[in-house]
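The values are calculated or read from the model by the stated rules, or taken from the named source; none is laboratory data. Model, not experiment: these values are computed from the prediction. Glycine gets a Cβ as well: all are built from the backbone with ideal geometry, and neighbour counts include every protein chain shown.
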């Protein structure tokens, strides 16, 4: 072996630094050559870059967490009040605890949608939030961080890249940190918090957890049940796309039972779809306008040869009488 | 930077590097072979990262120890180097642990503490450069401007920070190694740890 392990580490450190700062094409060629020149080089390099990754990853979280959450020992009551402050007074109280820097320039803004409504909000940093039906978010931007709280429903975030200001969405006790990406967070009644990642990578973590964040890449989803660990669940691209059809004001079903479709529509409209139990298991496939349950029922009726009856704020689907 | 090499470095940073001190402690018998443990660690990482798919490595820590031991044996036998392709077959070294409870995951809190501790041990300029660049994500020029140093010095401080941290992390934290060690024994006892040739 020509060079000592010490020298190899020094070369690796130098390459990791240079690569972090950006290589010229010529340097890139030299780097590739160096990587192959010795069987220790790749490993030494990965460790050198790994050092940077460890710092970025854990220091970033240390800061996010300490800036948005109180120390572990506070009571649940204090914790609840401190996060995004239940009131202005709570905000000041929090400022007292953590120093004023984070809070003094922050302003809270609330955006909400009614049933059947989809709303696109351009945020101050160029990120876009799209709210699905009956959803509410609270936006709080500071110099250091971009905090969003999903109060109810479902929202899609297209996040503008900015390493210096982490973009963190909180839904119940789940924190979702974006690493420059497009993803949805949903929090629906009787369902666990769910995150769908369309592009890029997000990291999920319980607000008070000490375990490592779960990293979830594009075309996957993560589920955060209230009584179990956060886990990644694979999802295929076509299903992901269907799940995001609401973005364009549509609901997409693939072999969905009428029963399930009806309960999905209940999120979008006060007009109730009532499915006769005898046909509740009949399935439907297709894309339908999300805030038009009557239109959906008529389509379903035509497709499956069923009878449809509209009575005020209720639409019934049942078997056609012979 | 999201190329394959960086993805692999990230995998290493998350799954293996926090345990480096522990892995090192498992290779104590190396001294009798007159080998440099640092060479072995570097080569171990090269071999691990040369596996076609890192996802097939289900127990990175154990895998690292076993790979390192295999490398030691190779050197002792004067068998030059096993080709990367054959060394990378995960079925030969990645044995499942005996019980699911033995799956010992380093608490992220400890990782945060380890990183903070190491950062605190860096020279001030190095630490500032590293944080501005890597955590704040500022361009080289801006880092230089903020610290009142030349861009060349930014590069120097970055390099020095990495060098220091490789050493600091490699040494590990005293409190952690002890506790991790016990859980580790459970899965790692069927290692071939004596050269046969």
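Which is within 13 Å of chain A (Cβ to nearest Cβ), in a helix (DSSP H, G or I), within 24 Å of residue A:217 (Cβ to Cβ) and more than 14 Å from the chain's Cα centre (by Cα), of B:5, B:12?
On the way: B:12 fails: more than 14 Å from the chain's Cα centre (by Cα).
Every option except B:5 fails the conditions.
Which members of region B:36-55 meet the condition of being in a loop (DSSP other than H, G, I, E, B) and at the interface with chain A (Cβ under 9 Å from one of its Cβ atoms)? Show your work before the answer.
As a first pass, look at region B:36-55 and keep what is in a loop (DSSP other than H, G, I, E, B): B:36, B:50-53.
If the condition is that a residue be in a loop (DSSP other than H, G, I, E, B) and at the interface with chain A (Cβ under 9 Å from one of its Cβ atoms), then B:36, B:50 are the ones that fit.
Considering only region B:83-197, give the helices (runs of 4 or more DSSP H) lying wholly within it that have at least 3 residues that are at pLDDT 65 or above.
Values: elements: B:84-87, B:90-93, B:108-120, B:124-130, B:140-147, B:151-171, B:174-188.
Because the criterion is at least 3 residues that are at pLDDT 65 or above, the helices (runs of 4 or more DSSP H) in region B:83-197 that meet it are B:108-120, B:124-130, B:140-147, B:151-171.
Does region A:226-236 contain at least one residue that is crowded, with 19+ Cβ neighbours inside 10 Å, within 19 Å of residue A:184 (Cβ to Cβ), modelled with pLDDT of 90 or more and under 29 Å from the mean Cα position of the chain (by Cα)?
Yes, there is a match, as at least one residue in region A:226-236 is crowded, with 19+ Cβ neighbours inside 10 Å, within 19 Å of residue A:184 (Cβ to Cβ), modelled with pLDDT of 90 or more and under 29 Å from the mean Cα position of the chain (by Cα).
Quick one: residue A:240 ticks every box in (1) modelled with pLDDT of 85 or more; (2) touching a helix residue (DSSP H, G or I) at 6+ places or on another chain (Cβ under 6 Å) bar one, so which box is it?
Every listed condition holds for residue A:240 apart from (2).
Please determine, by comparing only the residues of region B:118-158 that are away from chain A (no Cβ under 11 Å) and under 26 Å from residue A:213 (Cα atoms), which one is surrounded by the most Cβ atoms within 10 Å (Cβ to Cβ).
B:128
Tell me, which residue of region A:122-133 that is surrounded by 20 or more Cβ atoms within 10 Å (Cβ to Cβ) and more than 15 Å from the chain's Cα centre (by Cα) is farthest from residue A:165 (Cα to Cα)?
In this case the residue turns out to be A:133.
Please go through region A:15-31 and give me each residue that is facing chain B (nearest Cβ under 10 Å) and either at pLDDT below 95 or within 36 Å of the chain's Cα centre (by Cα) (or both), ordered by number. Working first, answer last.
Within region A:15-31, the first condition is being facing chain B (nearest Cβ under 10 Å), and the residues that meet it are A:15-22, A:31.
Answer for region A:15-31, where residues must be facing chain B (nearest Cβ under 10 Å) and either at pLDDT below 95 or within 36 Å of the chain's Cα centre (by Cα) (or both): A:15, A:16, A:17, A:18, A:19, A:20, A:21, A:22.
In region A:267-294, how many residues are surrounded by fewer than 13 Cβ atoms within 10 Å (Cβ to Cβ) and within 23 Å of residue A:134 (Cβ to Cβ)?
Just the residues of region A:267-294 that are surrounded by fewer than 13 Cβ atoms within 10 Å (Cβ to Cβ), to begin with: A:270, A:277-278, A:281, A:285.
Keeping just the survivors that are within 23 Å of residue A:134 (Cβ to Cβ) gives A:270.
Within region A:267-294, residues that are surrounded by fewer than 13 Cβ atoms within 10 Å (Cβ to Cβ) and within 23 Å of residue A:134 (Cβ to Cβ) number 1.
Go through (1) part of a loop (DSSP other than H, G, I, E, B); (2) surrounded by fewer than 15 Cβ atoms within 10 Å (Cβ to Cβ); (3) modelled with pLDDT of 50 or more for residue A:144 and report which single condition fails.
It is condition (2) that residue A:144 fails.
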